[in-house]
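**Q** Mind having a look at this structure? Questions to follow.
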């Protein structure tokens, strides 16, 4: 049955084809990779998809699948096919309204935060996670991949260190 469902999705002119066309608009080059990612996902979850199809919820489910694949930054399609529409790029004039006093105040706050970071107690792991996130710009998922720890653990330790810094700044 899952084979027939995927054939319907791939069939030109079907309701599923129209849904995909409406979502991708003029970016026709994304159609085949999108169908491929959806098909792989559906094949991995064949029993679930067949049950949804039998219950009559498949169009709704398919619509949400396409939307999630295109717009969710955690979807397999989004990760493998970054959609970028460069079109006409207008760079607006940037007017910096900040005064020198504002910039000095910002620098002083930054210095106090950096000093507070050196003063709070943290173990090696907390320090490493914080440095990777804030200094090196890694995401929680990238930290997970790099260190082999759960991204939730990385978030927890980074948040814990951040809260220690906030508490230190409030007290001092």
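The values are calculated or read from the model by the stated rules, or taken from the named source; none is laboratory data. None of the values given here were measured: they were computed from a predicted structure. Counting neighbours? That spans all protein chains shown, and the Cβs are built from the backbone with ideal geometry, glycine included.
**Q** Which residue out of 79, 103 is closer than 30 Å to residue 170 by Cβ, modelled with pLDDT under 85 and assigned to a helix (DSSP H, G or I)? Explain how you work it out, then say what you get.
**A** On the way: 79 fails: closer than 30 Å to residue 170 by Cβ.
Step by step, each of 79, 103 is checked, and only 103 is closer than 30 Å to residue 170 by Cβ, modelled with pLDDT under 85 and assigned to a helix (DSSP H, G or I).
To keep it simple, each residue is scored yes or no on (1) surrounded by 12 or more Cβ atoms within 10 Å (Cβ to Cβ); (2) closer than 25 Å to residue 74 by Cβ; (3) modelled with pLDDT of 90 or more.
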position: 116; (1), (2), (3): yes, no, yes
position: 121; (1), (2), (3): no, no, yes
position: 134; (1), (2), (3): yes, yes, no
position: 140; (1), (2), (3): yes, yes, no
position: 158; (1), (2), (3): yes, yes, yes
position: 168; (1), (2), (3): yes, no, yes
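**Q** How many residues are part of a loop (DSSP other than H, G, I, E, B) and without any contact (Cβ under 8 Å) to a residue 24 or more places away in the chain when one looks only at region 64-75? So that I can check it myself, show each step before the final result.
**A** Of the residues in region 64-75, the ones part of a loop (DSSP other than H, G, I, E, B) are 72-75.
Narrowing the set further to residues that are without any contact (Cβ under 8 Å) to a residue 24 or more places away in the chain leaves 72-74.
Total satisfying the criteria: 3.
**Q** Further question: Which residues, taken from region 19-53, are within 15 Å of residue 77 (Cβ to Cβ) and assigned to a loop (DSSP other than H, G, I, E, B)?
**A** Across region 19-53, the qualifying residue is only 27.
**Q** Pick out the one residue from 16, 61 that is assigned to a helix (DSSP H, G or I), at pLDDT 85 or above, more than 30 Å from residue 141 (Cβ to Cβ) and touching a helix residue (DSSP H, G or I) at 6+ places or on another chain (Cβ under 6 Å). Outline the logic, then answer.
**A** Numbers: 61 fails: more than 30 Å from residue 141 (Cβ to Cβ).
Answer to the selection: 16.
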